[in-house]
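Participant: Sharing a structure with you now.
The values are calculated or read from the model by the stated rules, or taken from the named source; none is laboratory data. Nothing here was measured: the structure is a model prediction, and the numbers come from that model. Here the Cβ positions follow ideal geometry from the backbone for every residue, glycine too, while neighbour counts run over all protein chains shown. Just the protein is used for accessible areas: all its heavy atoms, side chains included, with ligands, DNA and RNA removed. Shrake-Rupley method; radii C 1.70, N 1.55, O 1.52, S 1.80 Å.
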Amino acid sequence: MRISPITACSYNNLSTKRNVNFKSAIFACAAMSDSHGDTKNPPKAELALNDNYKKVFNDINPLNPEDKVKPSSIYTAFLHSGDFLMNGAVKGYRDKTKCSADYQFAALEKLSDIFGKRIKESLGDEVVYKKFLTLGNHDFDGTDKALWGYLKNSKFTTVVTNIDLEKSPKVKQLMNENNNIVTKQIISIPDDKNNIRRENGEEELFHKVMILGVTIPSIPFYNPTLHPDTHFMDESNKKDVKLTKKDLMKTLTCVSKTVKEFKAENPNGAVIVMSHTGNNISNMIRNAAPGINFIFNGHDHENIVRHVGKTTIQSLGQNNDPIKFFKLFFDDFSQDEYGNITGGELMVIDKSSTYSTKYANDTRLNSTEMQRWINENLAKDDDAQNYPAMWYSCPDPKYAAYKTLKYDEHQVRALNSPLANFLTSSIASEVRRMPDLYGKDVASVALQSSVIRSGIQEKMSNMDMIRIFNGLGESLSTLSVGHVTGDELAGIIAENVFSNLESDRNTMLQWSDVQINKDMLKDIKEGKSDKNPIEAIKMRNLKTETAMAPSTWEAVEPDKEYKIVLPTKYLMKDSLKYVPVIKDRFHVVEDENYRTMSQLLRSLNDHNGGITFRPKVAEERVIYHEVQDSEE
């Protein structure tokens, strides 16, 4: 139905001058993304919300601050643009009954419910408060079956606009059975003058907001085998940074058509897209559908805002830190330059951001509702002092800088990383302790940089341990053992480094007992060197090293056979040059207790009574010197 604007004829008792008391309706929202199952920051996020939400969530008429908007014409919402879960199938090391997603989703529900309660306390029960989310790649870490189990019973409305329902009959059935799983959500906000319309026998006016949700179609790349019943348009085995407009035509056409149809019916309506795609694809979505008012972007963890035409693309950061607020005002009674009363414009009248990390040392944290909830539900799993799950010690004062191995995303994904050195060497140590499972003489263990998500400190809780390898679902975090030639090893490393040089968001394999000259490989890639990539790779001679004195690096022999351990997920990527050549030589070990990254790290800790620092952690395994931009 096309909404007719208020006209002077409708209200002949009004002055033809603009009457600021005739406001219309308000839509206010708080937006977040990429929480990654975080259960550390919600108490801080609660304080951030409490201290800042009234800047936007209020009943002030922007045309006349002394006038108030009726509560029945205020619609409020909490939006989440995906990756609210991560590694959801993992279970606590002591609590074997619940998986981490049980806690993660419950924490998100609790935080968003607290926020809704604050709004109701402030503006009254007549104000509408709803919660919406779309899906991210990590939400499938614990399988799509488990994910839909949470969503169908939740208070959130899940919006999946680019779902391929023909290939997802079980999701289609869920939509038929549950009104909180939809491809789009159209909200109707009653105009605050409807009582006058009713008295005059006129049709009531409702202001429209349409909410869409777009998920990155690269789920087969991020979570192969874990989404058998859930498929998206343009499904692809490409990483997001490699997707082009041509790869996304069905998705872009779907969004464009949906927006055009809505705007034809509601020319003054608002369109909001929760987009778990990254900025590049969010910009493609905007170009395909310029009628979109807001895109709340997730996936790439950026915290920026861009204005393209009449569209605002707001990126939402990660880990419950940035919280973005927006208020839209529907002003349907205004006067044009000729004095005619016309339908009005949709206005953004308030916007604000706050950051939970600013509240890290706030004395009110222990009294927050979220902290009390955490104490009741996660206390034992999160108590490193009384219930340490792992002990890490660095007793040598010479290496005091390594008492804590902090997580730095850029360093882990692209550069030499003491944290990656520690994890690869620790797992390699445990693998070599199990020759019956992994065989003798394992030369190196490789880990995908993208799965490393947290650092190492002296005492670690169960929750801390879960977070270390928190970038991959449990069923895909297994390791496979096999053999390659020196030439193949160099080819695997070179191909991976070349991809990482294109974008440091591309996963880099971090290796134990291997040194990579990334500078040399960069020169080879750019045609500045005619050397063979094998010359940029060196291996450790394990027979000559001691625990406190790593051996020197040696050249890789092209025809020599090296036994190595690779992530099983890496061996699923047939698009890579060497995977089809080598994958049949690799297998996952039979013992289910010693096949994942987390299991091996925990096993090393348990049988050693902790893990002690070794000088290997401090060595330079990735030789790469970034050129910094000079200041003008």
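Participant: With respect to PRO228, determine if the residue is touching a residue at least 60 places away in the same chain (Cβ under 8 Å) and open to solvent by 10 Å² or more (accessible area, probe 1.4 Å).
Facilitator: yes
Participant: Please find, within region 280-327, the residue that is modelled with the highest pLDDT out of those that are open to solvent by 30 Å² or more (accessible area, probe 1.4 Å) and charged (D, E, K, R).
Facilitator: Per the criteria, the residue is ARG286.
Participant: Scanning for something outside any loop (DSSP other than H, G, I, E, B), farther than 17 Å from GLY213 by Cα and at pLDDT below 95, does region 128-137 turn up at least one residue?
Facilitator: no
Participant: Next question, about the same structure. Name the one entry in ARG614, ARG602 that is within 29 Å of the chain's Cα centre (by Cα), at pLDDT below 95 and closer than 16 Å to ALA428 by Cα.
Facilitator: Numbers: ARG614 fails: within 29 Å of the chain's Cα centre (by Cα).
Testing whether each residue is within 29 Å of the chain's Cα centre (by Cα), at pLDDT below 95 and closer than 16 Å to ALA428 by Cα leaves just ARG602.
Participant: Given (1) buried (at least 22 other Cβ atoms within 10 Å of the Cβ); (2) closer than 26 Å to GLY278 by Cβ; (3) out of contact with any helix residue (DSSP H, G or I) (no Cβ under 6 Å at 6 or more places or on another chain); (4) not aromatic (Phe, Trp, Tyr), identify the lone condition not met by THR157.
Facilitator: Condition not satisfied by THR157: (1).
Participant: Give me a count of the residues in region 497-515 that are over 23 Å from the mean Cα position of the chain (by Cα) and within 17 Å of GLU409 (Cα to Cα).
Facilitator: Residues meeting the conditions: 2.
Participant: Pull up region 413-457, narrow it to residues that are of a type in the set (Gly, Ala, Ser) and part of a loop (DSSP other than H, G, I, E, B), then point me to the one that is nearest to HIS138 (Cα to Cα).
Facilitator: Ranking the candidates gives SER454 first.
Participant: So if I check each of ILE196, ILE216, ILE272, which one is under 30 Å from PRO71 (Cβ atoms), of a type in the set (Val, Ile, Thr) and at pLDDT 90 or above? Outline the logic, then answer.
Facilitator: Numbers: ILE196 fails: at pLDDT 90 or above; ILE216 fails: under 30 Å from PRO71 (Cβ atoms).
Answer to the check: ILE272.
Participant: Just to be sure before I move on: is ASN137 of a type in the set (S, T, N, Q) and farther than 19 Å from ASN470 by Cβ in the structure I sent? Write out each step before concluding.
Facilitator: Numbers: of a type in the set (S, T, N, Q): yes; farther than 19 Å from ASN470 by Cβ: no.
So ASN137 fails the test.
Participant: Taking the condition buried (at least 20 other Cβ atoms within 10 Å of the Cβ) and farther than 25 Å from GLY298 by Cα, does VAL127 pass?
Facilitator: Here the answer is yes, as VAL127 does meet what is asked.
Participant: Answer yes or no: is there a residue in region 471-481 that is under 19 Å from HIS410 (Cα atoms) and either modelled with pLDDT of 95 or more or out of contact with any strand residue (DSSP E or B) (no Cβ under 6 Å at 6 or more places or on another chain) (or both). Step through it out loud before you land on a result.
Facilitator: As a first pass, look at region 471-481 and keep what is under 19 Å from HIS410 (Cα atoms): 471-472.
Add one more test, that the residue is either modelled with pLDDT of 95 or more or out of contact with any strand residue (DSSP E or B) (no Cβ under 6 Å at 6 or more places or on another chain) (or both), and what stays is 471-472.
Within region 471-481, one or more residues are under 19 Å from HIS410 (Cα atoms) and either modelled with pLDDT of 95 or more or out of contact with any strand residue (DSSP E or B) (no Cβ under 6 Å at 6 or more places or on another chain) (or both).
Participant: Among the residues of region 430-461, which ones are within 22 Å of GLU592 (Cβ to Cβ), of a type in the set (Gly, Ala, Ser) and at pLDDT below 95?
Facilitator: The one that is within 22 Å of GLU592 (Cβ to Cβ), of a type in the set (Gly, Ala, Ser) and at pLDDT below 95: GLY439.
Participant: Given the structure, is ASP34 at pLDDT 50 or above and in contact with a Gly (Cβ under 7 Å, 6 or more places away or on another chain)?
Facilitator: The answer is yes for ASP34.
Participant: Of the residues ALA89, ALA101, which is open to solvent by 10 Å² or more (accessible area, probe 1.4 Å), at negative phi and of a type in the set (A, V, I, L, M)?
Facilitator: Residue meeting the stated conditions: ALA89.
Participant: Listed residues ALA428, ALA384, ALA443, ALA420; which is under 25 Å from ASN517 (Cβ atoms) and either open to solvent by 10 Å² or more (accessible area, probe 1.4 Å) or hydroxyl-bearing (Ser, Thr, Tyr) (or both)? Reasoning before the result, please.
Facilitator: Details: ALA428 fails: either open to solvent by 10 Å² or more (accessible area, probe 1.4 Å) or hydroxyl-bearing (Ser, Thr, Tyr) (or both); ALA384 fails: under 25 Å from ASN517 (Cβ atoms); ALA420 fails: either open to solvent by 10 Å² or more (accessible area, probe 1.4 Å) or hydroxyl-bearing (Ser, Thr, Tyr) (or both).
Checking each option against the conditions leaves just ALA443.
Participant: May I ask you to say which residue of LEU165, LEU205 is open to solvent by 30 Å² or more (accessible area, probe 1.4 Å), out of contact with any strand residue (DSSP E or B) (no Cβ under 7 Å at 6 or more places or on another chain) and of a type in the set (A, V, I, L, M, F, W, C)?
Facilitator: So the residue among LEU165, LEU205 that is open to solvent by 30 Å² or more (accessible area, probe 1.4 Å), out of contact with any strand residue (DSSP E or B) (no Cβ under 7 Å at 6 or more places or on another chain) and of a type in the set (A, V, I, L, M, F, W, C) is LEU165.
Participant: Could you list, ordered by first residue, the pairs with Cβ atoms under 7 Å in which the first is in region 466-490 and farther than 18 Å from ASP102 by Cα and the second is assigned to a loop (DSSP other than H, G, I, E, B) and of a type in the set (Phe, Trp, Tyr), at least 6 apart or interchain?
Facilitator: Close Cβ pairs satisfying both conditions: SER477/PHE469; SER480/PHE586; VAL481/PHE586; GLY482/PHE586; GLU488/TYR578.
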